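Encoded as structure tokens, the structure appears first; notes follow it.
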Amino acid sequence: MSDSIKNVAIFGATGMTGKATLPLAVAAGYNVTVLVRDPARLPDDHKASRVVVGDVLNKEDVKKTLEGQDAVIIILGTNNSLSPTTLMSEGTKIIVESMKARGIRKVVGCMSAFLLWDRSKVPARMIPVTEDHDRMYTVLKTSGLDYVAVMPPHIADDLPLTESYMAAENMLKGRAISKHDLGHFFVKCLSTTEWDGKAVGVWGDYK
């Protein structure tokens, strides 16, 4: 656990990766606040210190979520929709503005490994979501905050927590990472400056 970071807000805690990240953050000793549209989608034994019901696109809800926080993890998704969207970039923009107003410096954001690819090689059906991830990355890059832009490959629902995954700046060598290992990396980033200001590929070897 970090000395300077005790309270962490997670946006996207009811998604597949968010549900894996929340218990890992709590186990690491952080007090976790989550913003959720539907609290019923949180597991019964979630152990978040504080649950704010609202929407990431509502500035007041985001402001309320960030009260008393030291850092932020953004795991916004589209619920498997591949349609054009601005949810992730607009949500991130509102979070960043509110972080600056509160003097919160550290943010870990989840995007996609497609941002590390030559755009012409990204599968056509993935382009709309990738474009919004790109807009989200621009928001983080230009924020002036201590951001970590995490760019995972396929996030696997059925692979275990190994804690022995690989991470590299602007590079990816594997095809998958478990949702648990990805969550573990998000939490690990809270207690190190190693990846601040970087785009990071993360992957595991699950033979």
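Test of understanding: what is the full-extension gain from residue 4 to residue 194, defined as 0.36 nm times their sequence separation minus their Cα-Cα distance? Walk me through the intermediate numbers first.
Details: separation 190, 0.36 × 190 = 68.40 nm, distance 1.54 nm.
Contour length minus the Cα-Cα distance gives 66.9 nm.
Counting Lys and Arg as +1 and Asp and Glu as -1, each charge on the Cβ, what is the dipole of the chain about the Cα centre in debye, to the nearest 20?
Details: 25 positive and 24 negative charges, 42 e Å.
The calculation lands at about 200 debye.
For residue 168 and residue 58 in the same chain, what is the full-extension length gain: residue separation times 0.36 nm, less their Cα-Cα distance, in nm? List each step's numbers first, then the result.
Values: separation 110, 0.36 × 110 = 39.60 nm, distance 3.42 nm.
Contour length minus Cα-Cα distance gives 36.2 nm.
Of 26, 62, 108, which is the most mobile in a GNM of the chain whose springs link Cα atoms less than 10 angstrom apart?
Result for the chain, Cα springs under 10 Å: 26 fluctuates most.
Taking only DSSP H segments of four or more residues, each worth -39500 (n - 2.57), what value at 222 nm results for the chain once the sum is divided by all its residues, to the nearest 500 deg cm²/dmol? Present the calculation step by step, with values, prior to reporting the outcome.
Working: 5 runs with 61 residues, N = 207.
Calculated mean residue ellipticity at 222 nm is -9000 deg cm²/dmol.
For the stretch 6-24 and the stretch 69-126, write down the distance between their C-alpha centroids in whole Å.
Result: 14 Å between the Cα centres.
Given a 1.4 angstrom probe, I'd like the percentage of the accessible area of the stretch 1-117 that is carbon and sulfur, rounded to a whole number. Walk me through the numbers before you get to the answer.
Values: 2530 of 5230 Å².
It is 48 percent, rounded to a whole number.
Which FRET efficiency, nearest 0.05, do residue 138 and residue 207 yield, Cβ-Cβ r, R0 25 Å? Don't skip to the answer; put the middle values down first.
Numbers: r = 37 Å, r/R0 = 1.46.
So the FRET efficiency works out to roughly 0.10.
On average, how much area does the Cα convex hull of the stretch 55-199 cover when viewed from any direction, in nm²? Don't skip to the end; give the middle numbers.
On the way: hull surface 34.7 nm².
If you wrap the Cα atoms of the stretch 55-199 in a convex hull and average its projections, you get 8.7 nm².
Which helices, taking whole DSSP H runs in the chain, have alpha carbons extending 24 angstrom or more along the helix axis plus mean Kyte-Doolittle at least 0.5?
None clear 24 Å together with a mean of 0.5.
Lysines near residue 188 by alpha-carbon distance under 18 Å, same-chain residues fewer than 8 away left out - which ones?
Straight-line reach from residue 188, under 18 Å: 6, 19, 106, 179, 198.
Skip the ligands, DNA and RNA, and give the accessible area per residue of the chain with a 1.4 Å probe, whole Å². Please report the intermediate quantities before stating the final value.
On the way: 9670 Å² over 207 residues.
For the chain, the per-residue accessible area is 47 Å².
Taking the simple approach of a point 7 Å from Cα along Cα-to-Cβ for both residue 124 and residue 67, what is their distance in nm?
Label at residue 124, label at residue 67, 5.0 nm between them.
Restricting to bridges with both residues inside the chain, how much of the DSSP beta-bridge set is antiparallel, in percent to the nearest 5? Each step should come with its number before you reach the end.
Values: 4 of 33 bridges.
In the chain, DSSP labels about 10 percent of beta bridges as antiparallel.
The values are calculated or read from the model by the stated rules, or taken from the named source; none is laboratory data. If you're wondering where the values come from, they're calculated on a predicted model, not measured in any experiment. Every residue, glycine as well, gets a Cβ built from its backbone with ideal geometry; the counts of neighbours run over all protein chains shown. These accessible areas exclude ligands, DNA and RNA; they are computed on the full protein's heavy atoms, side chains included. Shrake-Rupley method; radii C 1.70, N 1.55, O 1.52, S 1.80 Å.
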